[in-house]
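These notes concern the structure reproduced below.
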Amino acid sequence: MIIHAGDYTSKTVLDQLRKLRSFRGVYGNADPPEIRLEVPERTIFDFAGWRIGVTHPAEGGMPFGNQNRIRKRFEQVDLIVYGHSHNAKREAGRNIDVVYAYLVPRVNTKLAPRLARELKEGARIVTHEFAMPWSYDKRIYVRKAPLHLYVMSHEKRTAGRS
């Protein structure tokens with residue numbers, strides 16, 4: 001399952017993500033009209049026993065304080081996936097086994113040890129353009145920009161503990 005929280009940057013990226021696996025996504029504040037016609041502003045769905053809410057939020061604005069505003073939109077869900085802040089955040093709850101990070105390289109490097117500590121082996125991490133400090137398991141190109149897939153392993157967990 002791929003869950004994307006908006007700002008695809010192009011319809012080609014959206015189309016490629018849909019080809020990879022089961023896909024759920026929403027549009028973000030930077031998405032063009034052709035993407036906004038194909039995916040909703042927010043969605044709630046059930047997957048593997050979880051009730052999942054997804055938003056960007058599409059209205060944009062300052063990313064600070066988004067959590068409280070977004071939380072009010074999704075009552076009775078197990079997991080909220082949201083974008084716009086360009087930060088990865090995990091709160092107490094069930095184990096998360098997929099993380100999508102569109103962050104600048106220095107942030108990916110700082111995030112890697114935490115992911116290595118907290119994610120179970122077999123968890124998947126997808127990054128767009130900027131790689132994590134591990135060897136990727138798969139890479140595809142969308143409009144000459146790479147998408148990297150990592151599957152958490154003992155080797156990555158060990159390498160991520162710095």
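Got a sec? How would 22, 153, 135 order by Cβ neighbour count within 10 Å, fewest to most?
Values: 22 9, 153 16, 135 12.
Ordered by Cβ neighbours within 10 Å, fewest first: 22, 135, 153.
Could you calculate the FRET efficiency of residue 109 with residue 2 from 1/(1 + (r/R0)^6), where r is the beta carbon distance between them and R0 is 22 Å, rounded to 0.05?
Details: r = 24 Å, r/R0 = 1.08.
Efficiency at R0 = 22 Å is approximately 0.40.
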(Q) Going Cα to Cα from residue 144, which lysines come in below 25 Å? Please leave out same-chain ones fewer than 8 positions away. (A) 11, 19
Q. Points 7 angstrom from Cα along the Cβ direction at residue 37 and residue 11: gap in nanometres?
A. 0.7
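By the scheme Lys and Arg +1, Asp and Glu -1, what is the net charge of all other residues having a beta-carbon under 13 Å from that of residue 26? Please list the in-between numbers first.
Details: positive: 24, 36, 42, 73; negative: 7, 31, 38, 41, 59.
Net of charged neighbours comes to -1.
Each value in this text was obtained by applying a stated rule to the coordinates, not by laboratory testing. Source: prediction; values computed, not measured. Because the Cβ atoms are built from the backbone with ideal geometry, glycine has one as well, and the counts that use them run over all protein chains shown.
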